[in-house]
Amino acid sequence: MEFPVEQKEIIIECAIRCFERQGLHFTMQDIASELHIAKKTIYAMFPGKESLLCAMLEKGYSGIHEDKQRILNSEMETLDKIRAVMIAMPAQSQLIDFRQLNLLEEKYPVVHERLVAHLEADWEPVTELIEQAKKDGLVRDVPISIIRNVFTASIESFIFSGSLEKENITFQDAMNQLIDILLSGIRKDHYEKD
């Protein structure tokens, strides 16, 4: 049986709100209670929590792609675009504690694989911006593959290692620090010139 897209969207939105409050510990019953529907209605559309988490992930990345497109079409300076595109997040995700995702690989391996695939994909806009910045003499000629590996490995570490939670650093703060290091290095004299 095919369900209306709107009904699925309502459940996904509710699941995102539950995740914002409870992380991965939210249940299908939490969603059913909040929406005043039967759990079986949710299970008819999403056979399990993992399929719902996959739908939430795809919705989040759809928002990220929209944000990236808006940034790319903006009048921002090239380095500002690089920064903004690399840490683009949909507006709703500012509330999500990504540090809670460190259990993902163990409990929801399909979601984990999809998240990693998203992190490693869609580098064309960033590559083009960095190549433009190289041409304009704004950044050193560092191979994009190194930048990409450092960036994606760092994000994966932030999400899956639990290190940010231990140090009480938010995901967004970590992303801002990471992009600062990538664009300015860690030398104090370089950072202070900016």
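Assuming R0 = 22 Å, what is the FRET efficiency of residue 120 and residue 80, from their Cβ-Cβ distance, to the nearest 0.05?
Step by step, r from the Cβ atoms, then E = 0.35.
Less than 28 Å apart at the alpha-carbon level, and either on another chain or at least 8 residues along: which lysines does that give for residue 134?
68, 81, 188, 193
So what's the angle, to the nearest 10 degrees on a 0 to 90 scale, between helix 171-184 and the longest Cα principal axis of the chain?
The answer is roughly 20 degrees.
Give the longest segment of the chain that steers clear of trypsin sites (Lys or Arg not before Pro) in DSSP loops with at most 12 neighbouring Cβ atoms within 10 Å, not counting the sites themselves.
That would be 1-139.
May I ask for the Kirkwood hydrodynamic radius of region 1-47, worked out over all distinct Cα pairs and given in angstroms to one decimal?
Here the Kirkwood hydrodynamic radius works out to 10.7 Å.
Looking at the chain, what % of the alpha carbon pairs are farther apart than 22 Å?
Looking at the chain, the distances longer than 22 Å represent 53 percent of pairs.
To the nearest 0.05, how large is the calculated FRET efficiency for residue 8 and residue 181 if R₀ is 45 Å and r is the Cβ-Cβ distance?
Using R0 = 45 Å, I get an efficiency of 0.70.
Charges on Cβ only, +1 for Lys and Arg, -1 for Asp and Glu, centred on the Cα centroid of the chain; of 109, 63, 88, which one is farthest towards the dipole's positive end?
With unit charges placed on the Cβ atoms, the residue in question is 109.
For the chain, what does -39500 (n - 2.57) per DSSP helix run (n ≥ 4), summed and divided by total residues, give at 222 nm, in deg cm²/dmol to the nearest 500?
Roughly -21500 deg cm²/dmol at 222 nm, from the helical runs in the chain.
Report the label-to-label distance for residue 144 and residue 131 in nanometres (one decimal), using points 7 Å from each Cα along the Cα→Cβ vector.
Distance between the two pseudo-spin positions: 0.5 nm.
Straight distance only, please: which lysines reach the Cα of residue 107 with their own Cα at less than 16 Å, same-chain residues fewer than 8 apart left out?
49
If R₀ is 22 angstrom, what is the calculated FRET efficiency for the pair residue 38 and residue 107, using the beta carbon separation as r and rounding to 0.05?
0.35
In degrees from 0 to 90, rounded to the nearest 10, what is the angle of the helix 144-160 Cα long axis to the longest principal axis of the chain?
The angle comes out at about 40 degrees.
Taken together, the values in this text are just the output of simple stated rules run on the coordinates, not laboratory data. This structure is a prediction, so every number in the text was calculated from the model and none was measured. No Cβ is skipped: glycine too gets one built from the backbone with ideal geometry, and neighbour counts run over all protein chains shown.
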